[in-house]
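Have a look at the structure below, then the notes.
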Amino acid sequence: MKRPLSKTQITFIILLWMALCFMVLVNAERIDGLTITTILLSGAFVFIPVYQSLKKK
């Protein structure tokens with residue numbers, strides 16, 4: 001089995017995701033439904049493993 005993520009790893013992953021979202025929103029020509037959907041799906045890909053890792057601890 002995999003080890004749960006450490007708090008440092010969780011913080012780093014979340015900060016990287018937030019930076020990526022910021023870059024996408026700032027550089028987007030327009031913010032439409034596809035952009036918002038993509039950000040929400042990427043958030044699910046980031047936060048589901050983080051939640052599961054926190055749940056294991």
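The values are calculated or read from the model by the stated rules, or taken from the named source; none is laboratory data. Note that the structure is predicted; figures quoted are calculated from it, not measured. With ideal geometry, Cβ positions are generated from the backbone for all residues, glycine too; neighbour counts draw on all protein chains shown. Accessible surface areas use protein heavy atoms only, side chains included; no ligands, DNA or RNA. Shrake-Rupley method; radii C 1.70, N 1.55, O 1.52, S 1.80 Å.
The angle between the Cα long axis of helix 33-56 and the main principal axis of the chain comes to about 10°, on a 0 to 90 degree scale. If you run the Gaussian network model on the chain, springs between alpha carbon atoms under 10 Å, then out of 15, 34, 25 the most flexible one is 34. Tell me the label-point distance for the pair residue 52, residue 16, using the 7 Å Cα-to-Cβ offset, in nm and rounded to one decimal. Between residue 52 and residue 16, the simple spin-label model gives 1.8 nm. Computing log10 I(q)/I(0) by the Debye sum over Cα atoms at q = 0.22, 0.31 Å⁻¹ directly from the structure and comparing it against (1) -0.93, -1.06; (2) -0.76, -1.11; (3) -0.84, -1.25 singles out (3). Rolling a 1.4 Å probe over the heavy atoms of the protein chains gives the chain an accessible area of 88 Å² per residue.
Element breakdown for the chain at a 1.4 angstrom probe: carbon and sulfur atoms account for 71% of the accessible area.
Simple spin-label estimate for residue 6 and residue 31 gives 3.5 nm between the two label positions (7 Å along the Cα-to-Cβ direction from each Cα).
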